[in-house]
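Worksheet: the structure to be examined is printed underneath.
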Amino acid sequence: YPVMPPNLLATKLHQPALPPRRVHRAALAQRLDEGLQAGHCLSLISAPAGFGKTTCVLEWLAALPRPTAWLSLDSADNDPARFFTYLAAALNKVDPSLGRDIEGALQSGQLPAPEAIAAALVNDLLQAPQPFVLILDDFHLIQESAVLRTFETLLANLPPQLHLVIITREDPQLPLARLRAHNRLTEIRAADLRFSGVDTTAFLNEVMGLSLTLDEVVELENRTEGWIVGLQLAGLSMRGGSDPAA
């Protein structure tokens, strides 16, 4: 692979490690698989913080026989030039030939129109040697219209070589209704990510190493409404206490 430019953080392009101790969510992975096999162009994982969105995607990717490009976004990436520079670097890690057209456009010193960037992306992706998945994590931090317009055009013309995954705390300003109507969208939301009673029991007693009664598990599930981080915080609190019921 090419050497990363010195002004880019390589860690933003590294796929996070999957937690070794976790509750397996086979049904969620199966839904993402089904969307991929059905030819959906976008998988949207949208829920507030602490619902296990990233872990859900990582568990799916662990068994997926496709190359992946990962980009973890932060608030500074709301700048179009910075965003597309990192996007080109992420694509470049899948194959050195990908992202060159965007890099060339950015090096001109003037950001091209969103339609021109989208066209460069589409033309680049058509040359991809094999299908791959691009994951954009924390996409809610991107509000810049130039980036969103580029992705709107890209999704309308997405080559079959690419499947896009967006992980976000709120729905992006993209034509989701149109994608939904044309059966091009897989959606996983907070209601899907909430832990069931079985998940809650496995998480507290197996992952967290507690020995709670059924009534205690049900009480915690009701109070947290299956919110994973809420359960984790409760479990950590009970680890150091002598009276879990209290």
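The values are calculated or read from the model by the stated rules, or taken from the named source; none is laboratory data. What you see is a predicted model, and the numbers here were worked out from it, not measured in a lab. Here the Cβ positions follow ideal geometry from the backbone for every residue, glycine too, while neighbour counts run over all protein chains shown. All accessible areas refer to the heavy atoms of the entire protein, side chains included, with ligands and DNA or RNA removed. Shrake-Rupley method; radii C 1.70, N 1.55, O 1.52, S 1.80 Å.
Residues are listed down the side, and each one gets a yes or a no for (1) outside any loop (DSSP other than H, G, I, E, B); (2) modelled with pLDDT under 95:
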site	(1), (2)
109	no, yes
116	yes, yes
124	yes, yes
129	no, yes
147	yes, no
155	yes, no
167	yes, no
- Query: Considering 195, 203, which residue is among the aromatic types (Phe, Trp, Tyr) and in contact with a Gly (Cβ under 6 Å, 6 or more places away or on another chain)?
  - Reply: 195
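Yes or no, residue by residue, for (1) at positive phi; (2) among the charged types (D, E, K, R); (3) surrounded by 14 or more Cβ atoms within 10 Å (Cβ to Cβ):
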position: 15; (1), (2), (3): no, no, yes
position: 39; (1), (2), (3): yes, no, no
position: 51; (1), (2), (3): no, no, yes
position: 110; (1), (2), (3): no, no, no
- Would you call residue 232 open to solvent by 70 Å² or more (accessible area, probe 1.4 Å), polar (S, T, N, Q), on the phi < 0 side of the Ramachandran plot and not in a loop (DSSP other than H, G, I, E, B)? yes
- Which residue pairs have Cβ atoms under 8 Å apart, sit 6 or more places apart or on different chains, and have a first residue in segment 58-82 that is free of Cβ contacts under 8 Å to residues at least 12 places away in the same chain and open to solvent by 40 Å² or more (accessible area, probe 1.4 Å) and a second that is of a type in the set (Gly, Ala, Ser) and not in a loop (DSSP other than H, G, I, E, B)? 82/76
- Residues in segment 30-50: is at least one under 26 Å from residue 224 (Cα atoms), free of Cβ contacts under 8 Å to residues at least 12 places away in the same chain and aliphatic (A, V, I, L, M)? no
- Message: Which numbered condition in (1) more than 17 Å from the chain's Cα centre (by Cα); (2) open to solvent by less than 60 Å² (accessible area, probe 1.4 Å); (3) not aliphatic (A, V, I, L, M) is the only one that residue 138 fails?
- Response: (1)
